């Protein structure tokens, strides 16, 4: 940074350079999270792209919106990993990546990408390896989720089959843990000079979260699994309700005050008081709200079904009741939710077009808004020239020999600027 | 750290002190994630505990297993927030928290806990405020989830009602983003001396993740929502199958090789080849596997239903096919999964007893194994003595006057040691 610069104008991760050899969700999301806070994240793919290059959903052009979403604001380099010279270039880039570099984030399992091999060229290496299981066996979000209890308690009461989440929640958590791990290790390196070899297993992420949320302790201590309860909230009061205009809303009363406000707003205060007396219950207590959830919900149902969403909104305004309307992704586009949120901004994504795309949910000084993803390989020449000092002629020869990806003159803006 | 210490024996976040004024999941998980990597995380609650003190699940003693799970390895202080002197003690602790301190993580909205108030006592303050919506309106995981599209595409095909996830995935992601934000800001502070005011909205976490996974771009570009497809995998091949012994397994073929291996292992290779010819399809392509998922799954069903899980395991061993058995939380206890995983270790949790509890999924040198959660307020006296230099007599007077929580002689081990 230049002297005299306002320190808060500097991105929190300014000066950090990360080489990401990744595919699918977790590792790319980890790199993305750091890129959004100012790190220079260079995603390095095999020529032609990784296994996630064509993952659905696709834009009409055939380009993967999943890939572009997970690689916003990175630079893209393609190397021929099948050729020893291509593999050596990766080591050269790592060695040349400066004092804020020497950081590798990967979910690839090849030996030449592992910590022992890469620490030879960069002794202060910080290397984070994402894997399926701790012992190296592969796993993906769908198999980890099946193995971790949640699908058996998700979905409508009475259903017999498991219900998988659609959100790849374990991949998301794993990617964010990876970002935490790299920053923690970089802090130690700044203090001591030492690098780190970190492994992070997707299956462990799921077990750790299930443990910290109390599921594993509950199973150990009580010997029982909690029941499948549909859209009710375990140990509290929450449920979806249909409205007069055919919409659905979720309403939640987490605290005594929430419940009192809900009872008052729905005109059911005296009804609930009478019911509490009959049942010997106190609906101010979360346990009692939960035990009697069916009768409480049955009493609330007519209130919701007699009102449109607009009327629900009017009648719950100014109360502490937590509620929201169920919305689809196209609703979020159509109702202006995306346009109204300053976290999202306009980008022009090559081969997709203009889009509202998210930046980091971490609102902090010094960070930029959303940037498009690079076109695959768009930054190969710039990165080889910038980090390794190779000439245009050298780079052209490497491309002709197939050691690096083809240099497309029209390969798009690379690490593009946001629309302004 | 002492000179001559092996730098890798030092925890990555050694020397960091975080004051956490928190409740429920996101903020506590953020602090926990940093505590697991060596930070001294001091959770400060109002006397008697926060709103999450009794959240289910509960141990037979009535203590919340949710609270203990989310506060492992922290220290616990209770202050009387209703009293100006209790509030001032929080500022005193912040001022005295050393060069690695001056860090506040909170989801509480009170003005005296906000950045402007606390930066007066600690100008280099790093303050991360978790809130529901960016504009300060409240929201919780259940309402954010309803508002973000996923419940309408989760669950069995043909179902009309929304299906909420049971895993509070947005809270989990929010807590991990908070850990990232604090570490990123602490890096900037080490370089520039400047603090940071960071806000993080739960609703923004959900929108950012939906955006980065392509859901928002898909809705914008195609104008349509993807369908509800049960336990199939959008744009690929994955589904649950019943086995001969009444279990269920999830099987996934993400790549051409996975599918070829699945076809070979199930003896269906020539059947699939014939079917590809009839349909004009190439099941090596993920799009074609997805389009024809129903017929592919129908052909696979008899293979699974004719085998026990042990036979499925035997027949898929050595192939690249990704699969796992659906398991409940009690299955994970009974089948030895928890005991076999070195991430989990034995702790003795006060008022709960012996448990296998998780440490960090980030496997890195210098970190300790799992530690129990403190008893509420167990560390009040030690923290006031250690950071503020108060005498036992001063502390006793504060407790008698109700400025701090009662000092229980039997208040448990506080930041206890793991079983060994």
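Every number here is computed from the coordinates shown, using simple stated rules; none is lab data. All values derive from a computational prediction rather than experimental measurement. When we count neighbours, we look across all protein chains shown, and the Cβ atoms used for this are built from the backbone with ideal geometry, even at glycine.
Any idea what angle helix B:202-212 forms with the longest principal axis of chain B, computed on alpha-carbon atoms, 0 to 90 degrees, nearest 10?
On a 0 to 90 degree scale, this one is about 40.
Shortest first and in nm to one decimal, what separations exist between residue B:407 and its copies in the other chains, measuring from label points 7 Å along the Cα-to-beta-carbon line?
7.3
Residue B:368 to residue B:92: FRET efficiency via 1/(1 + (r/R0)^6), r the Cβ-Cβ distance, R0 35 Å, to the nearest 0.05?
Computed FRET efficiency for residue B:368 and residue B:92 comes out at 0.75.
Among B:221, A:163, what is the fewest-to-most ranking by other Cβ atoms within 10 Å?
The order, fewest Cβ neighbours first, is B:221, A:163.
Helix A:293-305: angle to the longest alpha-carbon principal axis of chain A, degrees 0 to 90, nearest 10?
90 degrees
Using only Cα atoms and rounding to the nearest 10 degrees, what angle (0 to 90) does helix A:269-279 make with the longest principal axis of chain A?
80 degrees
With 10 angstrom as the radius, rank A:172, A:309 by how many other C-beta atoms surround their C-beta, starting from the fewest. Intermediate values should be presented prior to the final figure.
Numbers: A:172 24, A:309 19.
The order, fewest Cβ neighbours first, is A:309, A:172.
Among A:244, A:26, A:385, determine the one that fluctuates most according to a GNM of chain A built with springs between C-alpha atoms less than 10 Å apart.
A:244
Between residue B:244 and residue A:114, take the C-beta separation as r, use R0 = 41 Å, and let me know the FRET efficiency to the nearest 0.05.
Details: r = 40 Å, r/R0 = 0.97.
After rounding to 0.05, the efficiency reads 0.55.
Quote to one decimal, in nm, the extra length available between residue B:8 and residue B:160 on full extension: 0.36 nm per residue of separation minus the C-alpha distance between them.
In short, 49.3 nm is gained.
With viscosity set to 1.306 mPa s at 10 °C, what whole-number translational diffusion coefficient in µm²/s follows for region A:53-158 from Stokes-Einstein and a Kirkwood radius over Cα pairs? Each step should come with its number before you reach the end.
On the way: Rh = 17.1 Å.
Rounded, D is 93 µm²/s.
Considering only DSSP beta bridges with both partners in region B:1-137, what is the antiparallel share in %, to the nearest 5?
5 percent
Report the antiparallel proportion of the DSSP beta bridges in the protein assembly as shown as a percent, rounded to a multiple of 5.
45 percent
Between region A:95-116 and region A:205-266, how many Å separate their Cα centres?
About 43 Å separates the Cα centre of region A:95-116 from the one of region A:205-266.
Relative contact order for chain B: what is it in percent, counting Cα pairs under 8 Å that are at least 6 residues apart?
Computed value for chain B: 19 percent relative contact order.
How much mean residue ellipticity at 222 nm does chain A get from its helices, if each DSSP H run of length 4 or more adds -39500 (n - 2.57) and you divide by all residues, to the nearest 500 deg cm²/dmol?
On the way: 17 runs with 158 residues, N = 420.
Helix-only estimate at 222 nm: -11000 deg cm²/dmol.
Below 8 Å, C-alpha to C-alpha, sequence gap of six or more: please give me the relative contact order for region B:1-100 in percent.
Values: 136 pairs, mean separation 26.1, N = 100.
The normalised contact order for region B:1-100 reaches 26 percent.
So what's chain B giving for Rg/Rh, alpha carbon basis, Kirkwood Rh from the mean inverse pair distance?
Details: Rg = 25.8 Å, Rh = 24.6 Å.
Ratio of gyration radius to Kirkwood radius: 1.05.
For a paramagnetic label modelled at 7 Å from the Cα of residue B:264 toward its Cβ, which residues of region B:307-338 fall within the zone defined by backbone nitrogen distances under 17 Å?
Within reach of a label on residue B:264, which here means backbone N under 17 Å from a point 7 Å along Cα→Cβ, region B:307-338 contributes B:314-323.
Rank the residues B:391, A:328, A:161, A:64 as a footprinting-exposure proxy: fewest other Cβ atoms within 10 Å of their Cβ go first.
B:391, A:161, A:328, A:64
How big is the equivalent ellipsoid of region A:29-108 along its three axes, where each semi-axis is √(5λ) from the Cα gyration tensor, reported in whole Å from largest to smallest?
Working from the Cα gyration tensor, I get semi-axes of 23, 18, 9 Å.
Run the simple label-point estimate for residue A:308 and residue B:315 please: 7 Å along Cα→C-beta, distance reported in nm.
It works out to 5.7 nm between the two label points.
Using Cα springs under 10 Å in a Gaussian network model of chain B, which residue among B:265, B:185, B:27 shows the largest mean-square fluctuation?
Maximum fluctuation in the GNM of chain B, among the listed residues, is at B:265.
Looking at chain A as a GNM with Cα springs under 10 Å, which of A:44, A:403, A:21 has the largest mean-square fluctuation?
Comparing A:44, A:403, A:21 in the GNM, the peak value goes to A:403.
Taking 0.36 nm per residue of separation and subtracting the Cα-Cα distance, what length does fully extending residue B:273 through residue B:83 add?
My answer for the length gained is 60.8 nm.
From the label point of residue B:92, set 7 Å along Cα to the beta carbon, how far off in nm is each other copy's matching point, shortest first?
In ascending order, 6.2 nm.
With contacts defined as alpha carbon pairs under 8 Å and 6 or more residues apart, what's the relative contact order of region A:126-273 in percent?
Value for region A:126-273: 25 percent.
Where both residues lie in chain A, what percent of DSSP beta bridges are antiparallel, nearest 5?
Values: 18 of 41 bridges.
Around 45 percent antiparallel, to the nearest 5.
What is the extension gain from residue A:124 to residue A:53, computed as 0.36 nm multiplied by their sequence separation minus the C-alpha to C-alpha distance, in nm to one decimal?
Value of the extension gain: 22.4 nm.
Report the convex hull volume per residue for the protein assembly as shown, counting only C-alpha atoms, in Å³.
In the protein assembly as shown, the Cα convex hull volume per residue is 170 Å³.
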